[in-house]
Structure formats: C-alpha cells, structure tokens
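The values are calculated or read from the model by the stated rules, or taken from the named source; none is laboratory data. Quantities reported herein were computed from a predicted structural model and do not represent experimental measurements. No Cβ is skipped: glycine too gets one built from the backbone with ideal geometry, and neighbour counts run over all protein chains shown.
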Amino acid sequence: MDETSIISGQVNRIGGQGKSPGNTYYPYSQPQKSKPQFTKVRAGEIVQGRIVKITGYQTALVRLPIGNFHAEIHGKLQAGDELFFYVMETQPNLIMRVYSVSIYADNNRRGIDEILRILDLPPTQEFAKATEIASKFNHTIIRDEIYSILRTYTGINGNLLSDFDFETAIETLWLMKESNIEFDEDIFANGLSFLGGVKSLNADLKFICSFRIINSIGKLYKDFSEYDISTGKLKVMFQKLSNIEATIDAIKSDFQKSSVIDPNIQDEFAKRIKRIRTLFVSMSYWNTIALHKEIPMNILLPMVLENEIKIIYLTFKFKPETAKQIRHLEKSSKLNESTNIYALFENLLSNNDNIINKKQEFELDLEIEPKIKEIINVLHQLPIIILKLVLLNQDETLLLKSDFFQSMRMKNISVVL
C-alpha cells in the first residue's frame, strides 16, 4: 500500500495527482455500489492487518479487525505478512497507510531484511542499520520514525560526527527520541560522546592501565581494586568516583611529565585519556537532563576481573521515594547544576543511613561469574530500579535488562534475565 491504501471490493485508481494518491476498495463480499459504514474504526487509530493471499499484481485480500478487503498493496508484501495501518479516513471509504510492523512473528524475531520489505523501506545499509538500532529500543518499528531519524541525521553538522561512526550517531538520536528530548546540538553532542566513549572505554582503560608504573595510574588500579563494587563498599566507592575527573587530570599530567614512557605513544595516550574524561563529563551532562525529565539515568561502576579493570554500565531510575528526596536536596542547594551521579549517591547515602536496602540473594539463571552475581546483589541494595546492566567487555555482555523504553510508553517495568 505504497504510502496510502484505500479499502474496497474492486481496485479502481482515484486521485493520482493529490498529496496522498491511493486506491479505492469496498468490503470483500459487497458490491461496489454499496457504501459500507466503517463504524468499528476511527480516523487516527492504528489497526492490525494480515495479508490473506495475493490476488494479482500488487493486489491482495487483506484481513482487518472489521473484515476482509481487497486492497492494492506494494509489491513486496507476501501472504501471511502481518503489519499495522494508520486509519486516515473512514467515510466515504476506508483510507489507510502502512504504519508499522512488530519485530516478532509467531514468537520468532523477524530479520531486518524482512522488516524493510514489509514496511517498503529502501534496502540500503543506512535504512538497515537504523531499523536494527530501532529494534533495540522498541518491539514495533514505525515506518515514519525510520525516515524521521535519517532525515535528522543528514541535517547534523558534519563536525559533530567526525569522530563517531554512523551507528553511534543513530543510537544517540534514538535515545533522545525515546527519552522525549527534542533535537538539540549540545544534547546530541554530549549523548554522542557518552555512547561513543562507552563503546571504547574497555579498550581505553586497558591501554591506560598498562602504564601502572606511573604513580597516579597505579593508585587508580589500587583504588578500583579496594572499592570494587562487588565488595559492597558503596559509600567509599561513590566518594572516590565523585572526583573521577580530577583523577583523570592527574593521570594526564603525570604521564606528560614521565621520562620513562616512549614519546611515540604520547599522542595515543593523550587521545584515549581525553576520550575517557569527555565520557564522564558527558555522562554528567546527560544525567542532569535525565534527572529533571525523570527519564532513565546512567552510571559507570568499576570492578576488577581477572586482574583487569572492568566497567559495569548501569541504566536505572530512582525509586519514587528517593526521587522525592533528591528534589528536596535540589531545593536546599545541596546539589550542583551539573549532576555528578557519584556525588549524588554519596549525598543520598550520607544523609540517610537507612536508604540502603537489606542485602538479598537473587536466583540468577545466567551462567555468569560469581563476582558478577555478587555485584547484582549489591546493586539491589540501592534505592533504584535496575533497567539495564551491561559488563563492558569486548562483547558488551548483557547481564540484566528490562524493556525500559517500552515502559516509557505506559508499560510496566520488570527486571528479566
């Protein structure tokens, strides 16, 4: 149904030169002269349809909740396809257009190529990647949203994109859209730096920490080992991390002064340490917006696994009672304009010894490191709702996830393994 489809019993071209040309159809079993009253659907509604069978060149029998109809379809649809339509008009004819498709069919996940086919989207790498990323945020892919995201991307200043790949940029745009944040270059640039920095953080830390001969780096590794989140030393951990930007600056300064490091790697070291610092600055920027808009926040937590520093990437929301306490802290000017998430947790824990929940042991079906299980149990002591938990390693191992962007569309949040 190209852009617009009109339901009827026989296929007769109408329009053709208007803004939304389409085709006229009447219900399957009725003659064309009758004028059915479509009382079960209203303009503006989304209805599900199924292609029952292909009846000719770009024509098919389509099953809707209000009955079966002959319709002109785009040539890529096949018998058995299920998709959603947007109802544009109901009188005198039922006029609809292709709207969206679920990423699942018969309990199986649809391939990206199949989604592009059903929605009649161009089979290009850009559309495929944008659709793939959209499927990480939503279970339903909306055709117009794919076009909208790509249009926004093409209008972005190229200087903002020079250090990041297409995938990270599209992920940032989806994150803003699903968080109900209108496009703004500053917000986009910080979101891009955060997501891009997260992707390279594991490799950057491994590179930086290979120079433990430098005192400040050796101290960072020692501190991370001592307040590794699995130890449960939450107050100490948040206190240390609240000064992470100053710690990074000290490392940069010590490296520049060092006489034992090969000068040939100075530029590489400087690039990586700058990226790490920008990551934490951007995280504070994003969390400031998230705190005020009451959308999911992000925090990076250290641990040592197999003698290497690893990072746990946590997406969460504060529990309602804690959110009220944070608003009180804001009013009393105990919080800075820029949300240092570590300082925020430190403040919460310092002002309320009872805020930490009683430690619980959770039954985890995942075959993961015992230390990771311990971390999950520690995190459940905090006054937060865990939405997503990722171990930043080469494969970004997903430990816990809930459909938190779906929850923002009035669905319940639940933690699932």
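Would you point out the residue of the range 254-292, among those that are among the acidic types (Asp, Glu) and touching a residue at least 40 places away in the same chain (Cβ under 8 Å), that is surrounded by the fewest Cβ atoms within 10 Å (Cβ to Cβ)? Among those that are among the acidic types (Asp, Glu) and touching a residue at least 40 places away in the same chain (Cβ under 8 Å), it is GLU268.
Residues in the range 151-177 that are over 15 Å from the mean Cα position of the chain (by Cα) and either among the charged types (D, E, K, R) or crowded, with 19+ Cβ neighbours inside 10 Å (or both): ARG151, ASP163, ASP165. Per the listing LEU389, LEU335, the residue uniquely modelled with pLDDT under 60 and either farther than 16 Å from LEU234 by Cα or exposed (fewer than 15 other Cβ atoms within 10 Å of the Cβ) (or both) is LEU335.
Within the range 266-275, not a single residue is touching a helix residue (DSSP H, G or I) at 6+ places or on another chain (Cβ under 8 Å) and outside any helix (DSSP H, G or I). Working only within the range 132-143, note down all residues that are within 16 Å of PHE84 (Cβ to Cβ) and touching a residue at least 40 places away in the same chain (Cβ under 8 Å). Matches in the range 132-143: ALA134, ASN138, HIS139, THR140, ILE141, ILE142, ARG143.
If the condition is being farther than 23 Å from HIS139 by Cα and surrounded by fewer than 19 Cβ atoms within 10 Å (Cβ to Cβ), then the range 53-73 contributes LYS53, ILE54, THR55, GLY56, TYR57, GLN58, THR59, LEU61, ILE66, GLY67, ASN68. Does at least one position in the range 70-87 carry a residue that is of a type outside the set (Lys, Arg), touching a Lys or Arg at 6+ places or on another chain (Cβ under 6 Å) and not in a loop (DSSP other than H, G, I, E, B)? Checked against the condition, which is being of a type outside the set (Lys, Arg), touching a Lys or Arg at 6+ places or on another chain (Cβ under 6 Å) and not in a loop (DSSP other than H, G, I, E, B), the range 70-87 yields at least one hit. Tell me, yes or no, whether the range 116-126 has at least one residue that is modelled with pLDDT of 95 or more, under 24 Å from ILE181 (Cα atoms) and either of a type outside the set (S, T, N, Q) or assigned to a strand (DSSP E or B) (or both). Yes: one or more hits.
Just one of the listed residues (GLU308, GLU226) is in contact with a Lys or Arg (Cβ under 8 Å, 6 or more places away or on another chain) and closer than 27 Å to LEU192 by Cα, and it is GLU308.
Of all residues in the range 178-210, those being of a type in the set (D, E, K, R), closer than 15 Å to ILE156 by Cβ and either surrounded by 20 or more Cβ atoms within 10 Å (Cβ to Cβ) or touching a helix residue (DSSP H, G or I) at 6+ places or on another chain (Cβ under 7 Å) (or both) number 1. Checking GLU72, GLU89, GLU167 one by one, the residue that is more than 24 Å from ILE51 (Cβ to Cβ), of a type in the set (Asp, Glu) and either outside the structural domain of PRO296 (by TED's automatic domain parsing) or modelled with pLDDT of 90 or more (or both) is GLU167 and no other.
Taking the range 88-112 as the search range and keeping residues that are under 22 Å from LYS40 (Cα atoms) and part of a loop (DSSP other than H, G, I, E, B), which one is nearest to the chain's Cα centre (by Cα)? Across the range 88-112, the extreme among qualifying residues is THR90.
Taken over the range 103-131, the residue count meeting the criterion of being acidic (Asp, Glu) and either in contact (Cβ under 8 Å) with a residue 60 or more places away in the chain or farther than 23 Å from ARG50 by Cα (or both) is 2. Of all residues in the range 224-249, those that are surrounded by fewer than 17 Cβ atoms within 10 Å (Cβ to Cβ) and of a type in the set (A, V, I, L, M) total 2.
Count of the range 137-174 residues, restricted to those that are part of a helix (DSSP H, G or I), in contact with a helix residue (DSSP H, G or I) (Cβ under 6 Å, 6 or more places away or on another chain) and of a type in the set (A, V, I, L, M, F, W, C), is 10.
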